[in-house]
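Here the structure comes first, spelled out in structure tokens, and everything after it is commentary.
FYI, it's all coordinate maths here, none of it is from the lab. Here the structure is a predicted model, which is why all the values come from computation and not from measurement. Backbone-built Cβ (ideal geometry, glycine too); neighbour counts: all protein chains shown.
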Amino acid sequence: MNKTDSFMLIAGEASGDALAAELVSAVLAASKQSGDGRAPQFFGAGGTAMAAAGVELAFDLTEHSVVGFTDVVKNYFKFRQLFNQLFALAIERKPDVVVGVDFGGFNLRFGHALRQYTRENPFSKWNPKIVQFVSPQVWASRPGRARLLEADYDLLLSIFPFEKDWYARRAPKLRVEFVGHPMVGRFPKAEGRRPKAEGSAAAPAILLLPGSRTSELKRHLPVMLDALELIQRKLPTSRARMVLPNPALQKLAARLSAPPPQVEIQVGNLPEFLAQTDIAIASTGTVTMECAFFGVPAVTLYQTSWVNFEIAKRIVTVKWATMPNILAHEEVYPEFIQSAATPQNIAGAALELLQNESRRQKIKSQLAGIVASLGGPGATGRAARAILSLFA
């Protein structure tokens with residue numbers, strides 16, 4: 001007789017939605033390969049990728065993605081309602097495993113609330129395994145939350161190599177498994193395909209990556225377009241393309257600051273365009289790791305509200321906001337934050353990269369070392385096996 005394992009997954013951003021969908025496929029494959037007769041079922045909250053993978057969604061949580069303290073406060077009551085709805089669903093359906101996929105602020109509170117409930121109701125005989133896939137960036141701010149994870153979570157799946165040792169020093173009872181970065185293997189044909197370098201100074205291809213959230217687009221797009229104008233004054237033959245993750249942001253970009261006609265706006269297919277570009281001008285988010293994977297030199301920036309920046313200054317302990325810089329322990333990608341993110345600074349750094357072949361080659365070499373540290377292909381498969389081992 002088959003044992004049906006029930007998985008509740010929660011992902012609140014597009015990147016987490018895609019990762020959760022890959023995890024579902026990996027869990028199904030691992031369960032089938034084990035031959036133990038298990039028949040996993042999945043429900044929760046996420047986006048279109050999870051729905052396509054067969055997850056029964058209570059609602060689309062990715063529609064409510066926000067960034068920064070002020071956005072969270074402004075949307076507090078909405079998120080509390082969504083939280084309570086999911087909490088009630090968990091209690092009703094009593095999943096065997098609850099997996100938070102990225103979306104750390106929401107998921108860590110959810111995991112804590114579930115653990116507290118099971119402690120207060122010991123006779124309910126429901127004690128789910130609680131898992132977080134992708135560590136919240138507690139190593140960048142509020143490191144004390146590592147002890148909360150230790151108290152509430154059965155398993156933390158890490159995608160960056162330094163995290164396991166970091167947790168071992170601060171939360172030694174927390175089981176942490178470094179499974180590797182899901183990006184490695186996601187683009188199997190990407191290795192060996194690197195952007196052209198020859199002739200870059202004559203006719204460079206520039207990729208604009210302003211971000212995946214509305215607030216990021218509103219702040220970053222005007223700065224990027226002004227920087228591009230300065231670059232094209234120096235290099236009039238340069239070509240520019242902007243890649244956005246969805247049609248809604250494409251429409252918003254057209255309304256906000258109509259890009260000049262020589263800027264192509266594309267939706268999706270980022271790997272294809274990364275393989276064709278010379279440099280990128282990018283938001284400091286997840287996309288910088290994709291730039292690194294494709295060996296693309298980049299200039300990175302981030303701007304937020306004054307309140308968010310002042311709060312961040314007081315709690316963030318890492319020197320850089322761009323993940324490849326954090327992994328390399330040095331500024332591989334020129335990075336400009338808040339008031340430093342001016343068109344002049346960004347254009348100057350971009351021009352220096354475009355006109356300095358040896359600098360670009362050095363960056364590509366550094367990026368290759370970073371990517372090599374991320375583990376081999378199959379991160380979600382390793383994550384699935386680690387989760388299933390909780391049943392042993």
- Task: Work out the FRET efficiency for residue 233 and residue 305 from their Cβ-Cβ distance, taking R0 = 25 Å, and round it to the nearest 0.05.
- Result: 0.20
- Message: Please compute the length gained on full extension between residue 344 and residue 252, using 0.36 nm multiplied by the number of residues separating them and subtracting their Cα-Cα distance.
- Response: 30.7 nm
- Query: Who wins for biggest fluctuation among 48, 380, 288 in a Gaussian network model of the chain, springs between alpha carbons below 10 Å?
  - Reply: 48
- Item | Surrounding net charge for residue 316, when Lys and Arg each add one and Asp and Glu each subtract one, Cβ distance under 14 Å | +3
- Message: I'd like the FRET efficiency for residue 109 and residue 266, computed as 1/(1 + (r/R0)^6) with the beta carbon distance as r and R0 of 25 Å, rounded to 0.05.
- Response: 0.10
- Task: Give the share of C-alpha pairs in each 5 angstrom bin for region 205-372, from 0 to the last occupied bin, in whole percents, shortest bins first.
- Result: 1, 9, 19, 22, 22, 15, 8, 3, 0
- Message: Using helices alone, I'd like the mean residue ellipticity at 222 nm for the chain: each DSSP H run of four-plus residues gives -39500 (n - 2.57), total over residue count, nearest 500.
- Response: -14000 deg cm²/dmol
- Item | Farthest toward positive dipole pole in the chain [+1 Lys/Arg, -1 Asp/Glu at C-beta], among 286, 222, 162 | 162
- What's the extension gain from residue 142 to residue 80 if we count 0.36 nm per residue and subtract their Cα-Cα distance? 20.1 nm
- Note on the structure: The answer for the per residue Cα convex hull volume of the chain, in Å³, is 136 Å³
- Message: What does the charge count around residue 210 come to, taking other residues whose C-beta lies under 13 Å from its C-beta (Lys +1, Arg +1, Asp -1, Glu -1)?
- Response: +2
- Note on the structure: Expected unfolding gain across residue 52-residue 25 under the 0.36 nm per residue rule, minus the alpha-carbon gap, is 8.6 nm
- Query: Thinking of region 287-392 as a set of Cα atoms, what percent of all their pairs are more than 16 Å apart?
  - Reply: 66 percent
- Set the Förster radius R0 to 25 Å, insert the Cβ-Cβ distance between residue 92 and residue 151 as r into 1/(1 + (r/R0)^6), and round the FRET efficiency to 0.05. 0.50
- Message: Compute, for the chain, the length of the dipole vector about the Cα centre, with Cβ point charges of +1 (Lys, Arg) and -1 (Asp, Glu) only. Units Debye, rounded to 20.
- Response: 540 debye
- Top of 91, 281, 159 by mean-square fluctuation, Gaussian network on the chain, Cα under 10 Å: 91
